[in-house]
1. Wrap a convex hull around the Cα atoms of the stretch 29-148, take a quarter of its surface area, and give that in square nanometres.
2. Counting alpha carbon pairs within less than 8 Å and at least 6 residues apart, what relative contact order, in whole percent, applies to the stretch 49-206?
3. Within the stretch 97-222, what whole-number % of the accessible surface is contributed by carbon and sulfur, with the 1.4 Å probe and all protein chains included in the calculation?
4. Based solely on C-alpha atoms, express the radius of gyration and the Dmax of the stretch 114-205 in angstrom.
5. Assuming 0.692 mPa s and 37 °C, estimate D for the stretch 18-78 with Stokes-Einstein, Rh taken as the Kirkwood radius over Cα pairs, in µm²/s.
6. Amide H neighbours of H136 under 5 Å, at least 5 residues apart or on other chains, H built in the peptide plane: list them.
7. List the residues whose amide H sits under 5 Å from the amide H of T94, counting only those 5 or more places along or on another chain, with H placed 1.01 Å from N in the peptide plane.
8. Roughly how big is the chain's charge dipole about its Cα centre, with Cβ charges of +1 (Lys, Arg) and -1 (Asp, Glu), in debye to the nearest 20?
Amino acid sequence: GRRRGRVAGLSPRRPAPAGGGLRWSETERALLAAHGPRLAAVDEVGRGPLAGPVVVCALVMPAGAPEVPGVDDSKRLAPAAREAAAARVRAAATAWALGAASAREVDALNVYHATTLAMRRALAGLERRLGAAPDHVLVDGKPVRALGVPHTAVVGGDGRCYAVACASVVAKVARDRLMQALARRHPAYGWARNAGYGTAAHRAAIGAVGPTAHHRRSFLRLGMGPGRAE
């Protein structure tokens, strides 16, 4: 049900968590107060690579508990710090779930609609683990027309909103682990280093040995994919 007023445990003057990291934002506090404690935060990783899936994490962090230390936008964290933060988030979350859309689905639907599909899959998994629908959904980026549930969107939310940053860290670690596993089967492309992004070495390998089933053929045709690891 809906709850109004201040959420227990969320003092506006709470100091930053020990070990650094983000605190609950004013946006999150307002949504918790307006809708209830089960605020589902959603973030994706992997929209830009030439290879691999889009991966989404949806989670609910306990509003009355201390913030997990060391949580920040996943792109700001070194790999070891990101792995440690993700483990703490998974342990602390009320519930969390992952959703993905494959390279083939990216090709069939386009990356926007494939990302939306992955978001819906993550939210469905989260609802199963919660045993109920979340009270509200907070999404990183712009509103998602086809998401199918009421939600609030915050551009740059993974660097501004605590729970969205939690989701970004879990999603990033999950996708990186998947790309490392795929790299062992397809070692030519350097996926353990570039996470499927279009680095010069990755593009050279595609030219030398051709693409795999995990490559996004639509991206290769359009020459898309930034030349960096995420």
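The values are calculated or read from the model by the stated rules, or taken from the named source; none is laboratory data. Nothing here was measured: the structure is a model prediction, and the numbers come from that model. Here Cβ is always computed from backbone atoms with ideal geometry, including for glycine, and neighbour counts include all displayed protein chains. Accessible surface areas use protein heavy atoms only, side chains included; no ligands, DNA or RNA. Shrake-Rupley method; radii C 1.70, N 1.55, O 1.52, S 1.80 Å.
1. Values: hull surface 31.7 nm².
Orientation-averaged projected area of the Cα hull: 7.9 nm².
2. Details: 249 pairs, mean separation 46.9, N = 158.
With pairs under 8 Å counted, the relative contact order is 30 percent.
3. On the way: 3170 of 5730 Å².
In the stretch 97-222, the share of accessible area belonging to carbon and sulfur is 55 percent.
4. Over the stretch 114-205's Cα set, Rg and Dmax evaluate to 16.2, 48 Å.
5. Taking Rh from Cα pairs, D becomes 241 µm²/s.
6. Correct list: A40.
7. V60, M61
8. Details: 34 positive and 16 negative charges, 21 e Å.
Taking the Cα centre of the chain as origin, the dipole is about 100 debye.
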